Amino acid sequence: MNRYRALAWFVMAAVPALVRGQQAPLDLGRWHNFTDMKTVRAIASTTDSIWAATSGGLFLFNPSSGLYSKFTNSEGVSSNDLTAVTVDGTGKVWIGASDGSLDVYTPSGGTWTIVTAIQESDHVQKAIRSLLARGDSLFIGTDFGITVLQLSKREFKDTYANLGFGTFAGVNDIKVVNNRIWAATDLGVSSAPLGAPNLSAPTSWSAFTTASGLPSAVCSSIASFHDTILAGTSAGLAVLSGNAFSRVPAFSGAAVSDLLVRPNDIVVLTGDASSFTMTSYGGFNASPAIISTNSSMQASALVLQPQTSTVWVATLANGIARWIGSWEYKVPNCPRSSLFSSIVVDDRGILWAGSGISGRGQGFYRYDLSAPDSIRWRNYTMANTPLMKSDDYYKVSLGANGSVWVSSWGWGMVQVVNDSVKRHLDNSTTPALAGSVPQAPTYVVIGGVGVDSQGNTWIADRTAVDGNHVVELKSDNTAVYRTSPSDGKFTNIAVDRNDTKWFANSEPSDKPANGLFYFNESLTVKGTAANGGWGLMTSSDGLPSSIVLSLAVDLNGDVIVGTDLGIAIVSDPLNPIVSLLQRVPLRGQSIQAIAVDAVNNKWVGTKEGVIVVNPDATAVLGQYTVLSTGGKLVDDDIRSIAYDQKRGIMYFGTIKGLSSLEVASIQTSRSIASIEVGPNPFLVPSTTSLTIRGLSADASVKIITTSGALIAQFKAQGGGRAFWDGRDSEGRVVPSGVYFVVASSDTGDQAGTAKVAVVRR
């Protein structure tokens, strides 16, 4: 038996996470992941659908309806870092990933099947680069050769690791022509008859290299046009003639990314570091004709939409595209980047996120769950908001009166009011913020913002060269500048109920052991009067470490301090030295983020996932990792956490995307005059339920037809939420139509309604 066969198949059931690992007891809701899907690595088509494998998951686009569907590891995909996609003869969609995971999606039933054998193999490099479905076989091009999966028996047949080159070759494209298999690899082109007795033997393969006429050994694509084999390489296009390739002069030196065969020509996709070109090529003696050039981005692949003449291009910056006299791009609404270095949720329930620094920053973004899916994400960049002056915006903070402040690395900060950037502050504005580097006075880095009980805004001006490390911005736009007894390397601010400002000093990439500084200008904190309101705690005062990564103020007014060696709680902020306690369950953990839920539990982000502890941090209530959630948590390295108290949703920011989890302990509504339902439309049958939010704790819910017939009735399941599976009281899936969701309290004095469109598959 092939060594992959025993581990080949795992089938996802109705609740996919149960296959790989149980959730922690607190998980009563659903996971969702949010990623950037603009970088498309591979593309496939059916009669009415375009499937795109991206760096942030899989999306489906229907050209006729203009609708999208998105699939990440919260919907059942093994990995979001996808590299290949194809559709087999039965309509199943196969996707491959950079870690060797292979999944198949059955659109008719909405189910996922996971194939783990390649991922679990002993190869160091095992990315899936290409897929070809032909009859009962799926040919899988990997970093180490070709593996063949027999679809009917659901088992692997063979692996061809040596394709005649004397060593492993990464396989970028596979075609079968006249019962002969052709492979475009990193070492050249290789070919063998499908009927050969032993394709695992190198002698069964004929290898073609630069010595055989190829312009380059790195071959990206292979195609057959009018029974002639063509190879696209990193240095041009070549045509097979006899036992050698001949270069096509018109494409000399051009990096060929893909070849698309049409009845009368081949579309050749070429490109460089910043552009791509589609060219029509009719044969060796024909003159190529440029279809179009796009000078703003790179592209990776081509596909022809069946029964049309439309050519779709997989771009590396803006989803999929087609040329219709001008370039038209199609990408689902998503964040501009999968980097979430900092997140907050405002009073409206809108999530705000910063992206990064050092040139990786992609601006900042906001997510409005109450908006239609097509406009939930809004991206703020220097291109659409010149006032920002840069895209390196990495930290978000809640400001006064519902505003949001976004800090940049080197370009000051901006204030957002009602979704619009209102103003920008730096060293040249009024008020002015000092530069962070003596030799570059305009280079202003802002560590974070806090708001006191009087509505004053406190700004951490990181390493301000004039020593004014803290700026108090008053409502009349005047500023009071405060010096600190430190170097001012303040990374964040938390303001407690006594209006004491607490300053974190470290970030995951920069960890000075400066201790925990705090400041109260009223001099009410013990020990601060002699120091102008300033105080300092270090490990000698009881902190687990002097490296302070995160801060939070809980529902009791206690200050929660996250260090690189555990958590501490200042239970009496007016007397911080004697009330500092180290909490054993989190000892030794690097606490990168902290959030407090509606019942005062602490949600702690570490490099190894999320840990939930009780209010005094003496007991662990739950743990979430990529492994324990079956991949629902997008990454274990948690950089930020934010809580939507109205909806009971916890958000986890990572450098690989954003994850959200509906949690049990949320603030329930006092009134249910307005309720929310989703997804809407609701496709049935479904492995996930319709969620009804905004309920009172004792609410009863009825599902009613437009004619007034009662379909189902049930109680809220807790936390201001109820769930409906799309079935009537007899357990039958309801037909398509519009239904009313009616909620009322037991006393009958509160009621709310919503409509949901049900679509039966």
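The values are calculated or read from the model by the stated rules, or taken from the named source; none is laboratory data. Since the structure is predicted, the reported quantities are computational estimates derived from the model, not experimental observations. No Cβ is skipped: glycine too gets one built from the backbone with ideal geometry, and neighbour counts run over all protein chains shown. Please note that ligands, DNA and RNA were not included when accessible areas were found on the heavy atoms of the full protein model with its side chains. Shrake-Rupley method; radii C 1.70, N 1.55, O 1.52, S 1.80 Å.
Brief remarks follow.
- Qualifying positions in the range 461-473 - within 14 Å of VAL414 (Cα to Cα) and either of a type outside the set (Asp, Glu) or open to solvent by 10 Å² or more (accessible area, probe 1.4 Å) (or both): LEU473
- In the range 164-179, the residue that is most open to solvent (accessible area, probe 1.4 Å) out of those that are out of contact with any Asp or Glu (no Cβ under 9 Å at 6 or more places or on another chain) and modelled with pLDDT of 95 or more is LYS175.
- For first residues located in the range 53-71 and over 20 Å from ILE128 (Cα atoms), partners that are open to solvent by 50 Å² or more (accessible area, probe 1.4 Å) and not hydroxyl-bearing (Ser, Thr, Tyr) and lie 6+ apart or on another chain with Cβ distances below 7 Å form the pairs ASN62/ASP48; SER64/ASP48.
- Checked against (1) open to solvent by 50 Å² or more (accessible area, probe 1.4 Å); (2) in a loop (DSSP other than H, G, I, E, B), THR203 meets all criteria but (2).
- Count - residues of the range 648-669 that are within 30 Å of SER79 (Cβ to Cβ), open to solvent by 20 Å² or more (accessible area, probe 1.4 Å) and at pLDDT below 90: 1
- Single unsatisfied condition, VAL331 versus (1) under 20 Å from ASP81 (Cβ atoms); (2) open to solvent by less than 20 Å² (accessible area, probe 1.4 Å): (2)
- Check on VAL451, modelled with pLDDT under 95 and open to solvent by 30 Å² or more (accessible area, probe 1.4 Å): no
- Some residue of the range 376-393 being at pLDDT below 95, under 21 Å from SER659 (Cβ atoms) and more than 14 Å from the chain's Cα centre (by Cα): no
- The range 61-77 - residue that is hydroxyl-bearing (Ser, Thr, Tyr) and open to solvent by 60 Å² or more (accessible area, probe 1.4 Å) and, of those, farthest from the chain's Cα centre (by Cα): SER64
- Unmet criterion (only one of (1) over 24 Å from VAL77 (Cα atoms); (2) in a loop (DSSP other than H, G, I, E, B)) for ILE181: (2)
- Among the residues of the range 400-410, not one is buried (at least 22 other Cβ atoms within 10 Å of the Cβ) and either touching a helix residue (DSSP H, G or I) at 6+ places or on another chain (Cβ under 7 Å) or assigned to a loop (DSSP other than H, G, I, E, B) (or both).
- With a requirement of 3 or more residues that are touching a residue at least 60 places away in the same chain (Cβ under 8 Å) and open to solvent by less than 50 Å² (accessible area, probe 1.4 Å), the strands (runs of 3 or more DSSP E) lying completely within the range 85-139 that satisfy it span 111-115.
- Residue check, PRO215 in a loop (DSSP other than H, G, I, E, B) and open to solvent by 60 Å² or more (accessible area, probe 1.4 Å): no
- Every residue from the range 188-198 that is crowded, with 21+ Cβ neighbours inside 10 Å and either outside any strand (DSSP E or B) or in contact (Cβ under 8 Å) with a residue 40 or more places away in the chain (or both): VAL189
- Breaking point among (1) out of contact with any strand residue (DSSP E or B) (no Cβ under 8 Å at 6 or more places or on another chain); (2) farther than 22 Å from THR86 by Cβ, for ALA250: (1)
- SER540 fulfils the conditions (1) open to solvent by less than 20 Å² (accessible area, probe 1.4 Å); (2) free of Cβ contacts under 8 Å to residues at least 12 places away in the same chain; (3) farther than 27 Å from GLY455 by Cα except for a single criterion, (1).
- Number of residues in the range 357-396 that are part of a loop (DSSP other than H, G, I, E, B) and closer than 23 Å to ARG423 by Cβ equals 14.
- Within the range 146-163, one or more residues are touching a residue at least 40 places away in the same chain (Cβ under 8 Å), buried (at least 23 other Cβ atoms within 10 Å of the Cβ), out of contact with any helix residue (DSSP H, G or I) (no Cβ under 9 Å at 6 or more places or on another chain) and closer than 22 Å to GLY100 by Cα.
- Test: residue in the range 199-216 that is under 20 Å from PRO249 (Cβ atoms), among the hydrophobic types (A, V, I, L, M, F, W, C) and in contact (Cβ under 8 Å) with a residue 40 or more places away in the chain: no
Here's the yes/no breakdown for (1) open to solvent by 30 Å² or more (accessible area, probe 1.4 Å); (2) at pLDDT below 85; (3) β-branched (Val, Ile, Thr):
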residue: SER671; (1), (2), (3): yes, yes, no
residue: LEU683; (1), (2), (3): yes, no, no
residue: THR688; (1), (2), (3): yes, yes, yes
residue: ILE692; (1), (2), (3): no, no, yes
residue: ALA697; (1), (2), (3): yes, yes, no
residue: THR705; (1), (2), (3): no, no, yes
residue: ALA716; (1), (2), (3): no, yes, no
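- All conditions but one from (1) among the small types (Gly, Ala, Ser); (2) in contact (Cβ under 8 Å) with a residue 24 or more places away in the chain; (3) assigned to a loop (DSSP other than H, G, I, E, B) apply to GLY448; the one that does not is (3).
- Applying a threshold of 6 Å to beta carbon distances and a minimum spacing of six or more residues, or different chains, the list of pairs starting in the range 612-639 at a residue that is within 18 Å of SER550 (Cβ to Cβ) and ending at one that is open to solvent by 20 Å² or more (accessible area, probe 1.4 Å) and charged (D, E, K, R) reads ALA617/ARG583; ASP635/LYS656; ASP636/GLU608; ASP637/LYS607.
- When we screen PRO573, PRO508, PRO512 for residues that are under 20 Å from THR463 (Cβ atoms), open to solvent by less than 50 Å² (accessible area, probe 1.4 Å) and in contact (Cβ under 8 Å) with a residue 60 or more places away in the chain, the only hit is PRO508.
- Count of residues meeting criterion [more than 16 Å from VAL311 (Cβ to Cβ), polar (S, T, N, Q) and surrounded by fewer than 23 Cβ atoms within 10 Å (Cβ to Cβ)] in the range 48-59: 1
- The set of residues in the range 253-263 being more than 17 Å from ALA235 (Cβ to Cβ) and touching a strand residue (DSSP E or B) at 6+ places or on another chain (Cβ under 9 Å) consists of LEU260, VAL261, ARG262.
- Of residues in the range 226-262 being part of a helix (DSSP H, G or I) and not small (Gly, Ala, Ser), the one farthest from the chain's Cα centre (by Cα): PRO249
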